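The values are calculated or read from the model by the stated rules, or taken from the named source; none is laboratory data. This is a predicted model, so every value here is computed, not measured. FYI the Cβ positions are ideal-geometry reconstructions off the backbone, even for glycines, and counts take in every protein chain you see. Remember, those area values only see protein heavy atoms, side chains included, never the ligands or the DNA or RNA. Shrake-Rupley method; radii C 1.70, N 1.55, O 1.52, S 1.80 Å.
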Amino acid sequence: MENVGQQGDPQPRGNAPVRPSLYGLDDEEFSSLVQACGGEAYRVRQLREWMYQRFAPAWAAMSNIPKNLRTALAERVADLEGTLSPVETAGEEGSGTRKLLSRLSDGELVETVLIPARDRTTVCVSSQVGCGFRCAFCASGLNGCVRSLTRGEIVAQAVRAASLLGRRPDRIVFMGIGEPFANYENALWAARRMNAAEPAGLGIGARHITFSTCGVVPGIERFAREGMQFELSVSLHAPNNALRDRLMPVNRSWPLEKLIPACRAYTEQTGRIITFEYTLVAGFNDGPEQARELLRLLRPFPCRVNLIPLNPVPEFKGETPSAATCERFRVLLERGGLNATLRRSKGRGVNASCGQLRRAAVAATRGQAESSRG
């Protein structure tokens, strides 16, 4: 997506790993690889079952695959642990939220979050190592974007989560580290693989897979033309440009005068309703006037608003509003005709807000390196 690089996200600094992931091969590539390694055609299905139904962590676990075939495959592509090796898994008492910190084959760290609800588990996946859009209250972009994830690295996050759950996730959200529309091709390919019917994929329904963008208009316009039933979420966080500029630098490239018409066109073209994410910051965007502005901005077309009390990060001075203030804001939107929900923030106990897990681990690693040098 050339427009993204030119108008918004600085280009990533790093390079993708040389050794490809097993989870990034399309059907033709996968079949050709198995054949080149001496495997019969029926081995393709067996391998797919190990990948997407049994969630095998490594080649050695694929017990009904001949050892010589596994060895030949291992020389060419990385298995799950070779793509995404576990570093840390921790849970939050009470909410049941779990964080997964994983190391990629080039040593970079990526985070994935499992968020349980009463009847489902949502897996929040990352699309980049870091982020170039630098939203004020998000730890993901504090050090910029190192590189985009490969499509196999994205799929592997969902598979690793499935291995912990013992089943496929109910929902996938591209709301982890990175802007998925700045890694458009790989993120969309990964979503399609997660959606693909078993054994070729995880078989997660398209309407249970959500892309979240900070407001990259060319990405929204392109997404509308895909003809897929994936959901779209847009981070809004302010009802006017003056406030949004202070929170989200992307607004200077695609201000509300460009973003909102693109969202309205998306809804008209696809028939899908966008969810607007709105983080409530005390004394900044949580008052009655901001609620009235938001109503004027969004009421002309069908949409949802997901209100999120701020999950504080040390680098952002904003504070979380009181529960009463958050509820009052929601009620004002509801009375004005908007479909608004108030989400309880999860993951504070495990630093699960976007980018906090990776940032803490990177800081600890740097600290250890400096101590050893000293």
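Hey, any idea what % of the stretch 17-118's accessible area is carbon plus sulfur with a 1.4 Å probe? Let's see the in-between values first.
Details: 2360 of 4970 Å².
Solvent-exposed carbon and sulfur of the stretch 17-118 make up 47 percent of the total.
Express the relative contact order of the chain as a whole percentage, based on alpha carbon pairs under 8 Å and six or more residues apart in sequence.
Details: 724 pairs, mean separation 59.7, N = 374.
Averaging sequence separation for qualifying contacts and normalising by length gives 16 percent for the chain.
Compute a Gaussian network model of the chain, connecting alpha carbons closer than 10 Å, and tell me which residue from 159, 110, 44 fluctuates the most.
Top of the fluctuation ranking is 44.
Of 42, 83, 56, which is farthest towards the positive pole of the stretch 35-109's charge dipole, taken about the Cα centre with +1 and -1 on the beta-carbons of Lys, Arg and Asp, Glu respectively?
The residue sitting farthest along the positive end of the dipole is 42.
Between residue 85 and residue 267, take the C-beta separation as r, use R0 = 41 Å, and let me know the FRET efficiency to the nearest 0.05.
Numbers: r = 41 Å, r/R0 = 1.00.
Computed FRET efficiency for residue 85 and residue 267: 0.50.
Over 15 Å apart: what share of the alpha carbon pairs of the stretch 284-337 falls there, rounded to a whole percent?
On the way: 703 of 1431 pairs.
Counting pairs separated by more than 15 Å, the tail of P(r) holds 49 percent.
Kindly work out what percent of the DSSP beta bridges joining two residues of the chain are antiparallel, to the nearest 5.
Values: 20 of 45 bridges.
Roughly 45 percent of the beta bridges in the chain run antiparallel, per DSSP.
Could you pull out every one of the aspartates and glutamates with an alpha carbon less than 16 Å from that of residue 67, ignoring same-chain neighbours closer than 8 positions?
Cross-link targets: 40, 75, 79.
What is the stretch 124-179 by shape, rounded, prolate or oblate, if you read a ≥ b ≥ c off the alpha carbon gyration tensor as root eigenvalues and call it rounded for a/c under 1.5, prolate for a/b larger than b/c, and oblate otherwise? Present the calculation step by step, with values, prior to reporting the outcome.
Working: a/c = 3.22, a/b = 2.00, b/c = 1.61.
Judged from the Cα gyration tensor, the stretch 124-179 comes out prolate (a/c at least 1.5, a/b above b/c).
Quick check: pseudo-label points 7 Å beyond the Cα along Cα→Cβ at residue 75 and residue 335, how many nm apart are they?
Label at residue 75, label at residue 335, 7.3 nm between them.
Test of understanding: in a Gaussian network model of the chain with alpha carbons linked when under 10 Å, which of 193, 151, 264 would top the mean-square fluctuation ranking?
Looking only at 193, 151, 264, the biggest GNM fluctuation is shown by 264.
What are the semi-axes of the equivalent ellipsoid of the stretch 74-163, taken as the square roots of 5 times the eigenvalues of the Cα gyration tensor, listed largest first and rounded to whole Å? Walk me through the numbers on the way to the answer.
Details: eigenvalues 94, 77, 23 Å².
Rounded to whole Å, the semi-axes are 22, 20, 11.
Which angle between 0 and 90 degrees, to the nearest 10, do you get for helix 356-373 versus the longest principal axis of the chain when only C-alpha atoms count?
Computed tilt is about 70 degrees.
Which one of 127, 63, 85 has the biggest mean-square fluctuation once the chain is modelled by GNM with Cα springs under 10 Å?
Judging by the Gaussian network model, the answer is 63.
Where does helix 27-36 land angle-wise versus the long Cα axis of the chain, in degrees 0 to 90, nearest 10?
Between the helix axis and the principal axis of the chain, the angle is about 20 degrees.
Under a 1.4 angstrom probe, counting protein chains only, how are 69, 165 ranked by accessible area, largest first? Can you show the working numbers first?
Numbers: 69 5, 165 45 Å².
In descending accessible area the options line up as 165, 69.
Roll a 1.4 Å probe over the protein chains and send me the accessible area per residue for the chain in Å².
On the way: 16160 Å² over 374 residues.
Result: 43 Å² per residue.
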